[in-house]
Amino acid sequence: MEEFRRAILQCGPIESFALQTVQEFIKPQKQTKLVQDENQLLENMLRTLLQELVSSSAQSREEIMLYGKSIDDGEDSHGQIPRLLDVVLYLCERDFVEGGMIFQLLEDLTEMSTMRNCKDIFGYIESKQDILGKQELFARGKLVMLRTCNQLLRRLSKANDVVFCGRILMFLAHFFPLSERSAVNIKGVFNTSNETKYEKEPPAAISLDFNFYKTMWSLQEYFCDPSLTLSPIKWQKFSLSLMVILNAFEAQPLSEEEGSANNLEEEAASFNIKYLTSSKLMGLELKDPSFRRHLLVQCLILFDYLKAPGKNDKDLTSESMKEEIKSHEEHVKKLLEMTPPKGKDFLHKVEHILEREKNWLWWKRDGCPPFEKQPIENKTVQGGGKKRRPRWRLGNKELSQLWKWADQNPNALTDPQRVRTPAITDYWKPLAEDMDPSASIEADYHHKNNRVYCWKGLRVSARQDLDGFSRFTDHGIEGVVPLELLPPDVRSKHQAKPNDRSKRAKKDEPKGASHQVEENQIATPASEIDGEGIRTDLEASVTPMDSDAMATTSNISQSSTPTPDEHQKQSPDMDAGQEAGHIEADAEAEAGMIDGETDAEVDLEAVG
């Protein structure tokens, strides 16, 4: 102990003798860090030394934080107790001793000191806030510091030591993180011990409206515990009392002169946090704009609590109660705006504060998630430069990878198995299953609702099944399905039925090939326009005809008398006849598409 007494009297820097003093006293097993038993021995010695220094300062009637400081010393010098605390703080910060030792000494020091000396001790704590708040020290001593501050708050008077209480609360707000749950009222418990006492019987010598006095101060019971208003009976009582107070404030408005004369907010004088409840002062308090504002702001806080969503069904307000709350809230805001001085600005600030309070309310109900986020580390390349963002050949990774695969496998795009036209029966099989009544498939899930599926099927049918493609006009997309895939009862509905035009074509004899071609060309201009995309497929399907049909068509074309211009343009008669035969076959095929008949035998009979 004598080693530390001599150490705290030295004037040099702490780092030059602090560790050496510990090693002389303890003689530790390790040179830089003490083990558990050695830490406990050092802590007991320091607490004993601190107690002796406090006792000596009390006997000499000196302030604790100034004990041992000589008059000749400069302003930068400290007393023996602050010097001892600096040495222990240095050892804890460098991890030479256990990190919670400094917090334990500060707790002992506040418990042994008077409230006057505690202000100086707390000033030392505030000056070392940055060091005490480091993570390696905060993790070991946060509970001890919280206990120390709470003990100080219990010893202080909330009416006379308002500034000191505020200093302690501000320190706790800065020392602990925002997400610290120890400072949050998780359960939402109200401070019901803050009871407002007022006179229950009217005074004899003073003439005043005592019922109004009792009504005004009875509202503090609901402001102290807002959960009481959730009861319908209590709410009706509170609502009636509040209307009496609001109507009185509205009937007796304050002028700008009265507001400026009685305003105490701009004065430097301190005042108590609670108003006096004497009935003799009621007339003066009603003329005080600060008193009115306090009462009206309490109403807004209560309404804000009632409008917030409750944790269970019991905390929910009824619809009629919500309407009454809205009406009262508008009335209160109107009175705040009328109260001088600067009523509109004051109301705007109060609304802003209550709006911000909602964020804290939702944060607390979400379980107080932490606000702090770990910083993103900037990963650098081994060379020291920043890593460049990758650049893709085709804009993104996926398209570039597809292009790379095509380069590595040239046959990927030319493989015949890659794009293969399915058979007509395989393609329409899902739709045929949907049309089966025994399958009981809902209409919303039918393949006929898929436009892409139907469009592709029409293209396949135009190339492979013209008979089925022709049924699209009469029966829709379901008529295109091959008949062999349909059940017997459904198949009968979609059987091909020749129309009147095809019947007339079978009975009438052809009057001339050129005349027939002109009629077909006039009759099918829309087919030539709409069916241009499948013109090539139709020609391919009509071209392989029987040789007898081709010969008959050629003879019919040759029997017509050509013009002189056609003799000059076409060399042999046979070639002209064959060309006319092709034109006639194309025209018949297009006409068959419109009438619903594309069978080659029917076309040949019409030509013959």
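Can you name the residue in the range 358-370 that is open to solvent by 100 Å² or more (accessible area, probe 1.4 Å) and not aromatic (Phe, Trp, Tyr) and, of all such residues, is nearest to Lys333 (Cα to Cα)? It comes out as Asn359.
Pairs meeting the criteria (first residue in the range 108-134 and over 23 Å from Thr48 (Cα atoms) and hydrophobic (A, V, I, L, M, F, W, C), second residue open to solvent by less than 60 Å² (accessible area, probe 1.4 Å) and in a helix (DSSP H, G or I), beta carbons under 8 Å, at least 6 apart or on different chains) are Ile131/Leu89; Ile131/Glu93; Ile131/Leu137. Could you go through the range 22-42 and let me know if any residue there is open to solvent by less than 50 Å² (accessible area, probe 1.4 Å), under 54 Å from the mean Cα position of the chain (by Cα), at negative phi and at pLDDT below 75. Looking through the range 22-42, at least one residue is open to solvent by less than 50 Å² (accessible area, probe 1.4 Å), under 54 Å from the mean Cα position of the chain (by Cα), at negative phi and at pLDDT below 75. Please work out which residue is modelled with the highest pLDDT, limiting yourself to the range 466-494 and to residues that are more than 17 Å from Lys448 (Cα to Cα) and polar (S, T, N, Q). Top of the filtered list is Ser470. Annotation for the range 458-476: at least one member residue is buried (at least 17 other Cβ atoms within 10 Å of the Cβ) and assigned to a loop (DSSP other than H, G, I, E, B). Taking the range 55-68 as the range and being surrounded by fewer than 19 Cβ atoms within 10 Å (Cβ to Cβ) and assigned to a helix (DSSP H, G or I) as the test, the residues that pass are Ser55, Ser56, Ala58, Gln59, Leu66.
Report every pair of residues separated by at least 6 positions or lying on different chains whose Cβ atoms are under 8 Å apart, first residue within the range 237-255 and over 13 Å from Lys334 (Cβ atoms), second open to solvent by less than 20 Å² (accessible area, probe 1.4 Å) and among the basic types (Lys, Arg). Every condition considered, the pairs that remain are Leu254/Arg292.
The residue that is modelled with the highest pLDDT, among those in the range 73-119 that are open to solvent by less than 40 Å² (accessible area, probe 1.4 Å) and among the small types (Gly, Ala, Ser), is Ser113.
Within the range 443-468, if we keep just the residues that are hydrophobic (A, V, I, L, M, F, W, C) and in contact (Cβ under 8 Å) with a residue 60 or more places away in the chain, the residue that is nearest to Pro422 (Cα to Cα) turns out to be Ala462.
The residue pairs whose first member lies in the range 268-283 and is more than 14 Å from Asn194 (Cα to Cα) and at pLDDT below 65, whose second member is in a loop (DSSP other than H, G, I, E, B) and small (Gly, Ala, Ser), and whose beta carbons are closer than 8 Å, counting only pairs six or more residues apart or on different chains, are Asn272/Ala159.
Of all residues in the range 6-21 being more than 54 Å from the chain's Cα centre (by Cα) and in contact (Cβ under 8 Å) with a residue 60 or more places away in the chain, which is farthest from Tyr67 (Cα to Cα)? Selected residue: Thr21.
Yes or no, residue by residue, for (1) touching a Pro at 6+ places or on another chain (Cβ under 8 Å); (2) within 21 Å of Leu132 (Cβ to Cβ); (3) part of a helix (DSSP H, G or I):
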{"position": "Arg154", "(1), (2), (3)": "no, no, yes"}
{"position": "Phe171", "(1), (2), (3)": "no, yes, yes"}
{"position": "Phe190", "(1), (2), (3)": "yes, no, no"}
{"position": "Ser193", "(1), (2), (3)": "no, no, no"}
{"position": "Asn211", "(1), (2), (3)": "no, no, yes"}
{"position": "Phe223", "(1), (2), (3)": "no, no, yes"}
{"position": "Thr229", "(1), (2), (3)": "no, no, yes"}
{"position": "Lys237", "(1), (2), (3)": "no, no, yes"}
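Please go through the range 129-149 and pick out each residue that is surrounded by 13 or more Cβ atoms within 10 Å (Cβ to Cβ) and farther than 20 Å from Glu98 by Cβ. Cys149, the sole residue that qualifies.
In the range 192-208, which residue that is within 20 Å of Leu276 (Cβ to Cβ) and open to solvent by less than 90 Å² (accessible area, probe 1.4 Å) is modelled with the lowest pLDDT? Among those residues, the one meeting the criterion is Ile206.
Condition (residue is over 22 Å from Ser320 (Cα atoms) and either modelled with pLDDT under 90 or of a type in the set (D, E, K, R) (or both)) applied to the range 226-245: is it met by at least one residue? No, the range 226-245 contains no residue that is over 22 Å from Ser320 (Cα atoms) and either modelled with pLDDT under 90 or of a type in the set (D, E, K, R) (or both). Among the residues of the range 291-324, the ones that are under 17 Å from Val350 (Cβ atoms), open to solvent by less than 60 Å² (accessible area, probe 1.4 Å) and at pLDDT below 90 come to 1 in all.
The values are calculated or read from the model by the stated rules, or taken from the named source; none is laboratory data. Since the model is a prediction, treat every value here as computed from it, not as a measurement. When we count neighbours, we look across all protein chains shown, and the Cβ atoms used for this are built from the backbone with ideal geometry, even at glycine. Calculation scope for accessible area: heavy atoms of the full protein, side chains included, ligands and nucleic acids excluded. Shrake-Rupley method; radii C 1.70, N 1.55, O 1.52, S 1.80 Å.
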